[in-house]
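Notes for the one structure printed next.
Each reported figure results from applying straightforward, stated rules to the coordinates on display, with no laboratory input. The structure displayed is predicted, hence computed values, not measured ones. Cβ: placed from backbone, ideal geometry, glycine included. Neighbour counts: every protein chain shown.
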Amino acid sequence: MNLRPRSHCGESASHAERGDVRPNAQSSADGAGRPFAAILRFAVATRAATAVEFAIVAAPFIALLMAILQVGVVFIAQQVLQTATNQAARLIMTGQAQNGNMTAAQFQQTICTDATSLFNCSGIFVNVQTFSSFSGVAMTNPVQNGTFSNTNLQYTPGGSGDIVVAQVFYQWPVYLGPLGFNISNLNNNKLLLVGTAAFRNEPY
């Protein structure tokens with residue numbers, strides 16, 4: 001009985017193939033992980049640079065943010081004051097203020113009621129003037145050397161057909177922002193808000 005020696009060639013080849021596959025798979029995994037490792041090392045290496053860059057842009061960014069918020073609040077306050085001025089001016093234009101003998105204090109209180117809680121009533125000042133024509137209208141400027149003065153303010157609602165200009169003043173407090181941002185036009189960091197209505201009184 002002839003026994004042929006068992007050949008190990010196929011098995012050796014199979015092991016060789018398996019041996020060749022494992023190193024290749026490991027090499028592929030290492031190659032795939034290298035970019036991520038490089039990115040991680042880059043991020044760690046630039047942490048200090050990122051902090052420095054943020055420190056450089058932080059002050060202008062905060063200043064811009066504060067400026068946007070403050071200008072937005074001032075815009076809302078100005079619009080509310082103008083709307084309240086228009087509503088109160090209709091009382092003069094239609095003769096209700098004259099027929100009801102409304103005083104300057106009552107007219108100011110009407111504006112304060114319409115201006116909601118954004119304003120302090122004691123800080124609202126009114127100036128109502130009467131003119132013979134629109135070409136002769138002259139606006140009152142109550143600011144003298146950066147200070148608001150109410151000494152020249154008056155209240156003359158006029159009669160039927162008269163030209164009337166109603167002005168409402170309020171000193172709005174503003175705050176200085178970083179980098180010297182300042183929108184105040186009065187002393188003590190205040191901005192003068194003005195609501196104006198010019199009209200001809202209706203016949204009543």
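Below 11 angstrom from the Cβ of GLU202, what's the summed charge of the other residues (Lys, Arg +1; Asp, Glu -1)? Neighbourhood net charge equals +1. In this label model, PHE199 and LEU64 are separated by 4.3 nm, measuring between points 7 Å along each Cα→Cβ vector. Using every pair of separate Cα atoms, the Kirkwood estimate puts the hydrodynamic radius of the range 85-164 at 13.7 angstrom.
I'd like the per residue volume of the convex hull spanned by the Cα atoms of the range 121-202, given in cubic angstrom. Could you put the intermediate results ahead of the total?
Values: hull volume 9.4 nm³, N = 82.
Enclosed volume per residue, from the Cα hull, is 114 Å³.
Taken over the C-alpha atoms, the range 47-200 has Rg and Dmax values of 20.2, 75 angstrom.
The relative contact order of the range 47-200, computed from alpha carbon pairs under 8 Å that lie at least 6 residues apart in sequence, is 27 percent. Between the beta carbons of VAL71 and PHE134, assuming R0 = 30 Å, the FRET efficiency works out to 0.40 to the nearest 0.05. Each 10 Å bin from zero holds the following percent of Cα-Cα pairs in the range 61-109: 23, 32, 20, 15, 9, 1.
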